[in-house]
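Each remark here refers to the structure printed beneath this line.
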Amino acid sequence: MEDGNSEPLLPPGEVDRTRGSYHEHQRSSSTLAFFAPGIEDIGPITGPRVFFREFSVEAKKLWYLAGPAIFTSICQYSLGAITQLFAGHVSTLTLAAVSIENSVIAGFSFGVMLGMGSALETLCGQAFGAGQLDMLGIYMQRSWVILNSTAVVLSLLYVFGTRILKLIGQVEQIADSAGILALWMIPQLFAYAMNFPIAKFLQAQSKIMVMAVVSAVVLVLHTVFSWLLMLKLGWGLVGAAVVLNVSWVIIVVAQLVYIFSGTCGRAWSGFSWKAFHNLWGFVRLSLASAIMLCLEIWYLTALILFAGYLKDAEVSVDALSICMNILGWTIMVAFGMNAAISVRVSNELGAAHPRTAKFSLVVAVMTSFMIGVAISIVLIAAREEYPALFSTDSAVRALVRKLTPLLAVCIVINNVQPVLSGVAVGAGWQALVAYVNTACYYLFGIPLGVVMGYRLNWGVEGIWMGMLCGISLQTCVLFFLVYRTNWHKEASIAEDRIRKWGGRP
C-alpha cells in the first residue's frame, strides 16, 4: 500500500510535458479539443456580450455530457419500473414482492454502490484534465476491487432478506416472496459493483453516448423479455429475476467490450497490480461519497415513512408516493446535470483552469434553475388534471393537488442542489458534504418536520415543509461553500491529489 509520500505518476517536469503533448493531441482532434478541458483558462468576463458568448460555449459542453447522462439515467431507472409494471399483471403478491425488493434491499444496495462509485468522478475527472490518462484505468480497477468487496458484505442483506423484512414489520407472505426474489437478485448486486466504476470512467472522458446507446438497447430487450418470460411463459418472480439480472449483466459486458476494444486509448492499458495500491485512501473517499449520497436518498424515504404514522396514513402515503414518483423522474434531469458538472469541474481543476471550473458552475446552476422553474410552472398549471392520471381516489387526488405547490418548490431546489453536490464531487469535498447533510437533514430537517406534522397537527404538509427546510438549508450551505471557495487553491489540491494517488508507470 502506498503512503502519503508516494511519488507522483511522473516528475513535475514530465507532468507538464505530458500535459503539453496531450493538448497537442487535442488540437489535432476537433472532438477532443471541444469537449475536453481547454488549452487555456477562460479569460475575465468583461461585459454582457462576453458573458453570453462564453455561456453559450460552456452550455454546449455541459449539454453534450448532460443529455446522454439524463437519457441513460432514465433508461436504467426504468428497468426496475418496467419489471414492477409486468409484475402487477402477474399477481398482487408478485407486485408487492418486486416493489419491496426493489425499494428496500436493491434500493439500499444501489445507493451504496452508486455513492461509492462516485469517488471516481473526482479522481478520473481530475486525472483526465491533467492529461494523465494512464491512471483512469488504474482508478477504475481499484474501484472494482473495493465495490466488489462491498458487494460481498451487502449480499448478506439478500441472503437474510426475509428475516430483515419481517423484522421491520413487513407482512409475512410478502416478506417470504421478496426474500426469495432477493436471493435470485444477487447477480444484479455484483453488476452494480462493475457498472458504476465503468460509468464514471467513461464520463470522465466525455464518452457518455455509448452508455446511452447501450442502455436504450437493453431497455427495449428488457421490456420484450419481461413480457415473454413473466406473462407469456408464466415464469412470474423467476422471470423477473432472470430478466433483471441479464439486463444489468448485458449493460456491464457491452461497456467492457467497448473499453477493451481500444476505443479509450491510453485510458485503458490492461489490468495492473497497481489497482491494489493505496486502497485505504480510495476506501475513505468511496465511503465518504456513499454516505453523502445515501443520506440524501434515505432523507426522502423517511418522508414516506413518517407519513405512514399519520391518522389518514393510506391517503397520505398514496399522495406522497405520487409526488415522490414525479420528483423522481425530474431528479433524473438533475442527476444528468450533476454528472456533467462533476466532469467539467474535475476536468478543469485537473487541467489547472480554476476560472473555467467556476464559470462552468455558474452556467450549470442557472440552467438547472430555469429547468426546475419550467417544470414547476407546468405542474402548477396542470394541478387540477394530472392527479387523475395516478389515482381514482378523490381524497388522494385532492391531497396531491394540495401538495403540488410544495412539490413545485421541491423540484426547483432539487434541480439546483444536485449541481452543487456535483461540484463537491468534482472537487473532492465528499466528506465535508456528508457532515453538512447529516446536520441539515437529520439534526434540523427531520426534527422540524416531526414537530410540524405531529405537534402542530399540520399533517403530511407539515412533515414535508419541515424536511424541505432541511433541503433548503443544505442548499444554502453548499452555496456559501462554493461562494467562499478559492478555485486556484482547489486546482492546486487537484494536482496534489493526482500526484499522491498516482504511481510509477
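No value in this document is a laboratory result; all are computed from the given coordinates. Since we're looking at a predicted model, the values are computed, not measured. For neighbour counting, all protein chains shown are included, and Cβ atoms are generated from backbone atoms with ideal geometry for every residue, glycine included.
Summary table below
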item	result
Overall Cα dimensions of region 41-188, principal axis frame, Å, largest first	67, 34, 22
Mean Cβ neighbour count within 10 Å, used as a protection proxy, ranking 363-369, 414-420, 224-230 highest first	414-420, 363-369, 224-230
P(r) of region 193-286 over all Cα-Cα pairs, binned every 10 Å from zero, in whole percent	14, 36, 27, 17, 6, 0
Positive-pole candidate from 336, 281, 300, dipole of region 53-500, charges at beta carbon	281
Cα centre as origin, Lys/Arg/Asp/Glu Cβ charges: region 215-349 dipole, Debye	520 debye
Cβ-placed point charges (K, R +1; D, E -1), dipole of region 53-500 about Cα centre in debye, nearest 20	1000 debye
Ratio of Rg to Rh over region 53-500 (Cα coordinates, Kirkwood Rh, two decimals)	0.96
Loop chymotrypsin sites (Phe, Trp or Tyr not before Pro), region 151-194 (other Cβ atoms within 10 Å of the site Cβ: 15 or fewer; DSSP)	160
Packing rank of 48-59, 122-133, where each peptide gets the mean count of other beta carbons within 10 Å, highest leading	122-133, 48-59
Distance between modelled label sites at residue 297 and residue 280, nm, 7 Å Cα→Cβ extension	2.8 nm
Linear extension gain, residue 486 paired with residue 438, 0.36 nm per residue minus alpha-carbon span	14.8 nm
